[in-house]
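Q: Quick one: the structure is below, and I'll ask about it shortly.
The values are calculated or read from the model by the stated rules, or taken from the named source; none is laboratory data. Everything numeric here is computed off the predicted structure, so don't read it as measured data. Cβ sites come from the backbone with ideal geometry, for glycine too, and all protein chains shown count toward neighbours.
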Amino acid sequence: MDMTDRKDREATILLVEDERTLLETLQYNLQRQGYKVLTASDGLQAVDLARKERPDLIVLDLMLPRLDGLEVCRLLRREMVVPILMLTARVDEVDKVVGLEIGADDYMTKPFSMRELLARIKALLRRERLIREKLAAEDDGTDEVIPTPDAPWVLGNLIIDTARREVLLEGKPLTLKPKEYELLVFLARNKGMVLSRDLILERVWGWIYSGGSRTVDTHVRWLREKIEEDASNPTRIVTVRGVGYRFEG
């Protein structure tokens, strides 16, 4: 096992599940992989633990007592940037879409294999680590560079504060839908790079999302209306014809 893999496996995971047998089974298997596991059996307990412990990843059941998984996800997304993997016994596509729209990074339907769950957890942790390493390494001495993962990102008159999950334009807060915010953060993290629609769809909506790449175009249009001086002639989110988009500072 290399050092980066060891770092991921030493991560703290908050496991939220009200079915006791499943909770204990998941906890046992995650601990065998070297993860530190925190557990909660209802939504309010999950929110309290997440705020106190700041886990590296959350595995969150949809159907929970006191506060359901969607509301837990919605609350935590306003306060912290953490990968969230949702679990549910439901097979309704609407639930899947709603979960992803409010900020879940991935979604699994019960029953599922432990091997697949562990693989998805590993992938989410690795993605988050690589993003943080990239942010920490990006420092060219200008005001537009993101100095650390927790510091606000200053991009001209646009400020993205991931710690507070807040976006300011000309010093005034913008009201963004959850996926508009996630899209903006992903584009800003990869400033100057050409990103295909399929890549954006996979990274922002998750590889299991089946809504199609038009979703990306729609959200880009909404974002432009909020952050561009002239949405019809964008200078921040630039279209790369036949490919996708590029974010300019």
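Q: Do you know which of the residues in the range 161-207 that are at pLDDT 85 or above and of a type in the set (S, T, N, Q) is surrounded by the most Cβ atoms within 10 Å (Cβ to Cβ)?
A: Within the range 161-207, the match that is surrounded by the most Cβ atoms within 10 Å (Cβ to Cβ) is N190.
Q: Working only within the range 217-237, note down all residues that are surrounded by 14 or more Cβ atoms within 10 Å (Cβ to Cβ), under 17 Å from N157 (Cα atoms) and either free of Cβ contacts under 8 Å to residues at least 40 places away in the same chain or hydrophobic (A, V, I, L, M, F, W, C) (or both).
A: Across the range 217-237, the qualifying residues are L223, R224, I227, E228, A231, P234, I237.
Q: Test E144 against the criterion of being at pLDDT below 85, in contact with a strand residue (DSSP E or B) (Cβ under 8 Å, 6 or more places away or on another chain) and either more than 30 Å from R120 (Cβ to Cβ) or not assigned by TED's automatic domain parsing to the domain that holds I121 (or both), and give yes or no.
A: Working: at pLDDT below 85: yes; in contact with a strand residue (DSSP E or B) (Cβ under 8 Å, 6 or more places away or on another chain): yes; either more than 30 Å from R120 (Cβ to Cβ) or not assigned by TED's automatic domain parsing to the domain that holds I121 (or both): yes.
Here the answer is yes, as E144 does meet what is asked.
Q: Restricting to the range 10-60, give me the number of residues that are in a helix (DSSP H, G or I) and either under 20 Å from the mean Cα position of the chain (by Cα) or hydroxyl-bearing (S, T, Y) (or both).
A: To start, the set of residues in the range 10-60 that are in a helix (DSSP H, G or I) comprises 20-32, 43-53.
After this cut, where a residue has to be either under 20 Å from the mean Cα position of the chain (by Cα) or hydroxyl-bearing (S, T, Y) (or both) as well, the list is 21, 25, 28, 43, 46-53.
Count: 12.
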